[in-house]
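This report refers to the structure that appears directly beneath it.
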Amino acid sequence: MIFESMFKTCRWIALVTLGCLFLQACSTSVPKENQLKAATLQNNKAQAILIHQMQSGDLALRLGNDLTSFTLSQLNNRDKSFSHCGIVSIENGNIYIYHAIGGEYNPNQKLKRETPETWFSPVHNIEIGLARYSMDSLQKLALVEQVKAYYREEKEFDMQFDLATNDKLYCAEMVYKAIQISTRDRAYLPTSTQFGKHYVGVDDLFLNQHCKLIGQQKFK
């Protein structure tokens, strides 16, 4: 009888202990789950806000959440918010972003065309933005057509970041040269110099008298 009583007591204590642990686990996991859901909703809203404002010829901006993106953002002399850029094109009611990207994200190194939902994905980005040039409609059309021409030519990513060559293009270089062609103005955008190298920084594309930042969103 004594052992039976002790067994029942121990079993009761074990059940109570397990119950407490279960309740504690639930109480900690629910807030985390709620926080995750809230962050997801906020991120989707932030993404949707910029996508809703997009027009053909706009400059799409983002900062990736990887080391390479952080390193590239440091090449900006004035504003290190963004590491990558592309040009928006609205085709038959569908929105696309054309951009030059290399590395493991794009093994064949060729220019890419992606939906803004993919391009602005909160899974891979910390911050996103949208900027607009003060071009007339014909210049914006010419800009988009030039970028699409680069895409059809399957221009590859310029791993050397060489502004003097045209056979390969890095992201800011693609935008810079397409704008030079569409505006017929070689001095339309500024450039940067660091460590003796002349190049176009992502911030050079939107920190100038011809461009206005339409929106900027940070992901949670």
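Any read-out appearing in this document is the output of simple, stated calculations on the displayed coordinates, not a laboratory observation. Owing to the predicted nature of the structure, the values given are computational and were not obtained by experimental measurement. Here the Cβ positions follow ideal geometry from the backbone for every residue, glycine too, while neighbour counts run over all protein chains shown.
Relative to the first principal axis of the alpha-carbon coordinates of the chain, what is the inclination of helix 171-183, with its axis defined by its Cα atoms, in degrees from 0 to 90 and to the nearest 10?
Its long axis makes an angle of about 40 degrees.
Pull out the extension gain between Gln160 and Asn94, defined as 0.36 nm times the separation in residues minus the alpha carbon to alpha carbon distance; nm, one decimal. Can you show the working numbers first?
Working: separation 66, 0.36 × 66 = 23.76 nm, distance 3.31 nm.
Going from the current span to full extension adds 20.5 nm.
At a 10 Å Cβ-Cβ cut-off, how would you order Leu141, Leu75, Leu67, fewest neighbours first?
On the way: Leu141 14, Leu75 19, Leu67 8.
Least crowded to most crowded, the residues run Leu67, Leu141, Leu75.
Could you tell me the extents of segment 84-135's C-alpha atoms along the three principal axes, largest first, rounded to whole Å?
33, 24, 21
For the chain, take the longest principal axis of its alpha carbons; what is the angle in degrees between that and the long axis of helix 2-53, to the nearest 10 within 0 to 90?
20 degrees
What are the extents of the Cα atoms of the chain along their three principal axes, in Å, largest first?
In descending order, the Cα extents are 99, 39, 31 Å.
Taking the number of other C-beta atoms within 10 Å as the exposure measure, put His210, His84 in order starting with the fewest.
Numbers: His210 16, His84 24.
Fewest to most other Cβ atoms nearby, the residues stand as His210, His84.
So what's the angle, to the nearest 10 degrees on a 0 to 90 scale, between helix 137-152 and the longest Cα principal axis of the chain?
70 degrees
State the Cα centre-to-centre distance between segment 86-106 and segment 172-220 in whole Å.
17 Å
In which sequence would Phe82, Phe206 go, from the one with the fewest C-beta neighbours within 10 Å to the one with the most?
Details: Phe82 29, Phe206 24.
Result, fewest neighbours first: Phe206, Phe82.
How far, in nm, would the chain grow between Thr115 and Gln53 when pulled straight, counting 0.36 nm per residue and subtracting the alpha carbon separation?
On the way: separation 62, 0.36 × 62 = 22.32 nm, distance 1.44 nm.
Going from the current span to full extension adds 20.9 nm.
Between Lys218 and His124, how many nm apart are label points set 7 Å from Cα along the C-beta direction?
Using points 7 Å along Cα→Cβ, the separation is 2.3 nm.
Could you check what % of the DSSP bridge pairs in segment 71-220 are antiparallel, to the nearest 5? Spell out each step's value before the answer.
Details: 19 of 21 bridges.
Of all bridge pairs located within segment 71-220, approximately 90 percent are antiparallel.
Sorted by average packing, counted as other Cβ atoms within 10 angstrom per residue and highest first, what order do 100-107, 37-44 take? Before the final figure, lay out each step's value.
Working: 100-107: 14.8, 37-44: 13.2.
Taking the mean over residues of other Cβ atoms within 10 Å, the ranking is 100-107, 37-44.
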